[in-house]
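Below is one structure, written out as C-alpha cells; the observations come after it.
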Amino acid sequence: MALRVGTAIAAAIITLVGIPAATITARESGREDPGFVVIDEVAGQLIALIGTRPDWEHAVIALLLFRLFDILKPWPIRRLEALPEGTGIMLDDVAAGFLALMCGLIISHFI
C-alpha cells in the first residue's frame, strides 16, 4: 500500500512540476510538443505503475500498455493533446497512464 501511495504522490508532483516546465521549454524551443521533453512520459508511466504488483512481469505489462495508449492516443487522449502548452504536453500522457492503469488492473485479475 505504501508503494502505491508513494508512486501516486510522485506522479502528482511530477505532473505539477512538469506542466510549467514543459510550457517554458515549448516556448523557448519554438515547438508545440518538443520531443526532448520526457517528463510527461515519466508522469504517465508512474501513473500506469500505481496499481501494479511489485514484480517485473507486471511492470512490463504497465510499460507496454502505457506506450500503446501513448502512441495510439485513443479518444479522449488525443483531445487532451490539443490543450495549450505544457498542459497539453503533460495531460495526454497522464491520461494514457490512467488508461494503462485501469487496463493493467483488469489484466492483473487474470494473470
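The values are calculated or read from the model by the stated rules, or taken from the named source; none is laboratory data. Here the structure is a predicted model, which is why all the values come from computation and not from measurement. Here the Cβ positions follow ideal geometry from the backbone for every residue, glycine too, while neighbour counts run over all protein chains shown.
I need every pair where a residue in region 66-84 that is closer than 14 Å to residue 97 by Cα has its Cβ under 7 Å from the Cβ of a residue that is crowded, with 16+ Cβ neighbours inside 10 Å and of a type in the set (Phe, Trp, Tyr), sequence separation at least 6 or different chains.
77/69
I'm trying to understand the selection: among the residues of region 7-46, which are of a type in the set (Gly, Ala, Ser), closer than 13 Å to residue 87 by Cβ and buried (at least 19 other Cβ atoms within 10 Å of the Cβ)?
Residues of region 7-46 that are of a type in the set (Gly, Ala, Ser), as a first pass: 8, 10-12, 18, 21-22, 26, 29-30, 35, 43-44.
Add one more test, that the residue is closer than 13 Å to residue 87 by Cβ, and what stays is 18, 21-22, 26, 43.
Correct list: 18, 22, 26, 43.
Any chance region 50-60 includes a residue that's over 12 Å from the mean Cα position of the chain (by Cα), in a helix (DSSP H, G or I) and buried (at least 16 other Cβ atoms within 10 Å of the Cβ)?
Filtering region 50-60 down to residues over 12 Å from the mean Cα position of the chain (by Cα) leaves 51-60.
From the residues that got through so far, the ones that are in a helix (DSSP H, G or I) too are 56-60.
Checking the rest, the ones that are also buried (at least 16 other Cβ atoms within 10 Å of the Cβ) come to 58-59.
There is at least one residue in region 50-60 that is over 12 Å from the mean Cα position of the chain (by Cα), in a helix (DSSP H, G or I) and buried (at least 16 other Cβ atoms within 10 Å of the Cβ).
In region 19-48, which residue that is among the charged types (D, E, K, R) and not in a helix (DSSP H, G or I) is modelled with the highest pLDDT? Reasoning before the result, please.
In the first step, residues of region 19-48 are kept if they are among the charged types (D, E, K, R); the result is 27-28, 31-33, 40-41.
Subset that is not in a helix (DSSP H, G or I): 31-33.
Details: 31: 88, 32: 84, 33: 83.
Residue satisfying both the conditions and the ranking: 31.
Keeping to region 66-111, report how many residues are among the aliphatic types (A, V, I, L, M), within 27 Å of residue 24 (Cβ to Cβ) and either in contact with a strand residue (DSSP E or B) (Cβ under 8 Å, 6 or more places away or on another chain) or not in a helix (DSSP H, G or I) (or both).
2
For the condition free of Cβ contacts under 8 Å to residues at least 12 places away in the same chain and more than 14 Å from the chain's Cα centre (by Cα), what is the one hit in 108, 29? Quick ask: steps written out before the conclusion?
Values: 108 fails: free of Cβ contacts under 8 Å to residues at least 12 places away in the same chain.
Going through 108, 29 in turn, the sole match is 29.
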